[in-house]
Amino acid sequence: MTLRITWEQASARRMERQFLANPAPEGTPVADVVSAMLATHAQVLSAAEVSVGVRAIGVTRADVRAAVWGDGSPSSSEETASSTESVSSVKSISLVKTYGPRGTVHLLPARELPMWCSALPAVPGGAGPFAPDVRVTEEQARQIVAAIGDALDGACLTIDELGDEVVARTGPWAGDRVMPAFQDLWPRWRQVMHRAGQSGALCFGPNRGRKVTYTRPPHFAPQPPAEALRELVRRYLHAYGPATPAHFAKWLAAQGGWATGLFRELAEAGEIEEVELEGVTSKGSGDGSGVAWVVAGDTVFPAEPPRGVRLLPYFDAYAVAAQPRELLFPGAAYQRALAGGQAGNFPVLLVDWVVAGVWHQRRRGRRTTVTVEPLGRLTARQERELGERVRRVGEVLEAEAELVIGEVTTGPHA
């Protein structure tokens with residue numbers, strides 16, 4: 001008989017495994033916390049710092065930055081970031097800021113790059129958003145990625161410096177300014193920057209003043225692609241299962257049919273097994289449950305769901321990956337906390353195990369005001385706990401935090 005999993009059971013296990021039910025003990029390596037999430041979205045670094053910090057006792061933004069840049073944390077000086085000192089710091093990092101799932105900027109554990117940098121390039125891609133005369137061929141893309149890796153080996157370069165090196169190694173065609181971006185035209189080679197990051201040829205380096213730099217992560221031996229993909233599915237199901245191939249494809253921005261085939265291969269090999277999950281619709285299931293998957297043998301779930309309130313920042317891994325999204329964002333939360341159905345554009349308030357509000361923080365010097373907009377009435381106990389969560393956000397950001405309960409007037413991703 002197929003095991004049936006309720007939404008509360010699935011949420012309880014996911015939150016437990018992501019250090020949301022109980023934060024990681026003091027002294028837990030920052031990379032271990034990120035590994036539990038699989039990856040931490042880091043387009044906005046302060047959001048990544050909060051994602052990690054609220055999951056680990058005592059961790060602050062300084063700890064996250066030290067894990068990313070070692071001794072070469074972002075500098076406000078105008079000194080060169082390509083010095084031996086800065087490059088040496090990259091070799092000691094435990095986290096890498098680079099292009100991860102969905103081609104967006106993430107923090108990834110450095111020790112897991114052999115999996116990520118084999119699995120992500122093996123995910124089939126589409127034709128891309130650019131016109132045919134703008135796109136690069138597959139051979140040109142390979143040349144660009146190789147040139148990026150060669151240029152960044154042992155160096156930290158700004159985007160303009162990297163562009164000069166790429167053009168010198170490939171040809172003038174790579175520098176043609178034909179790529180539409182932010183009301184400007186970028187050189188052709190930049191359309192495969194995410195691919196360079198996903199393959200291990202590029203990661204972000206310490207800032208040079210206000211300028212972003214790029215370098216090459218520590219060298220590693222990649223896993224065979226098929227093995228890396230299987231491991232990624234197992235890791236995903238451990239953190240976010242039970243889940244369907246469609247959930248995995250959405251999280252990875254991959255093709256649904258490809259994900260279905262991949263799950264089928266793992267099922268035939270006995271690496272994953274079926275369960276029924278509440279909220280997954282399937283033909284013939286009248287009780288609102290349908291087929292989902294877990295790692296084979298991984299069928300123990302907590303008896304009680306987590307209680308309490310929690311604050312998750314922009315694009316927190318849990319809010320983006322936990323599915324079905326309609327159950328995580330029930331009722332009014334689906335309209336208020338999502339942007340066109342996309343999760344992550346608003347920081348969210350969790351009450352127990354579902355989204356029940358949004359929040360926003362505005363920093364001024366050493367103080368930050370955290371405005372929380374609940375979508376329902378909070379009890380006195382929940383308000384007290386919310387105050388504690390706000391103080392923790394302040395500690396992570398190394399600021400004194402003030403709680404305001406009221407309407408959040410900023411738009412998505414503001």
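The values are calculated or read from the model by the stated rules, or taken from the named source; none is laboratory data. Everything quoted here is computed from the prediction, not taken from an experiment. We place every Cβ from the backbone using ideal geometry, glycine too, and count neighbours over all the protein chains shown.
Taking the criterion of being of a type in the set (F, W, Y) and within 30 Å of V291 (Cα to Cα), would at least one residue in the range 355-371 satisfy it?
The answer is no; no qualifying residue exists.
Report whether or not L350 is assigned to a strand (DSSP E or B) and within 22 Å of R13 (Cα to Cα). Yes: the conditions hold for L350. Among the candidates A119, A151, A131, which residue alone is at negative phi, free of Cβ contacts under 8 Å to residues at least 12 places away in the same chain and of a type in the set (A, V, I, L, M)? Checking each option against the conditions leaves just A131. Report whether or not Y334 is of a type in the set (S, T, Y) and part of a loop (DSSP other than H, G, I, E, B). No. Set side by side, the residues V233, V178, V192, V145 differ, and just one is modelled with pLDDT of 95 or more, more than 30 Å from V280 (Cα to Cα) and not acidic (D, E), which is V145.
Exactly one residue among R392, R363 is among the charged types (D, E, K, R) and closer than 27 Å to S11 by Cα, and that residue is R392.
Just one of the listed residues (V358, V348) is free of Cβ contacts under 8 Å to residues at least 40 places away in the same chain, buried (at least 20 other Cβ atoms within 10 Å of the Cβ) and more than 29 Å from T260 (Cα to Cα), and it is V348. Exactly one residue out of R377, R381 is closer than 27 Å to Y334 by Cβ, part of a loop (DSSP other than H, G, I, E, B) and over 23 Å from the mean Cα position of the chain (by Cα): that is R377. Which one is farthest from the chain's Cα centre (by Cα) among residues in the range 99-152 that are acidic (D, E) and over 30 Å from S35 (Cα atoms)? Among residues in the range 99-152 that are acidic (D, E) and over 30 Å from S35 (Cα atoms), the one farthest from the chain's Cα centre (by Cα) is D133. Restricting attention to the range 384-411, the residues being under 27 Å from the mean Cα position of the chain (by Cα) and under 22 Å from I57 (Cβ atoms) number 18.
Among the residues of this structure, V275 does not count as one that is among the β-branched types (V, I, T), at pLDDT below 95, outside the structural domain of L350 (by TED's automatic domain parsing) and surrounded by 18 or more Cβ atoms within 10 Å (Cβ to Cβ). Look at (1) within 20 Å of V54 (Cα to Cα); (2) in contact (Cβ under 8 Å) with a residue 60 or more places away in the chain; (3) surrounded by fewer than 18 Cβ atoms within 10 Å (Cβ to Cβ); (4) of a type outside the set (G, A, S) and you find that P412 fails only one, number (1). If you filter the range 1-55 down to residues that are charged (D, E, K, R) and assigned to a helix (DSSP H, G or I), you find that the one that is nearest to T281 (Cα to Cα) is E8.
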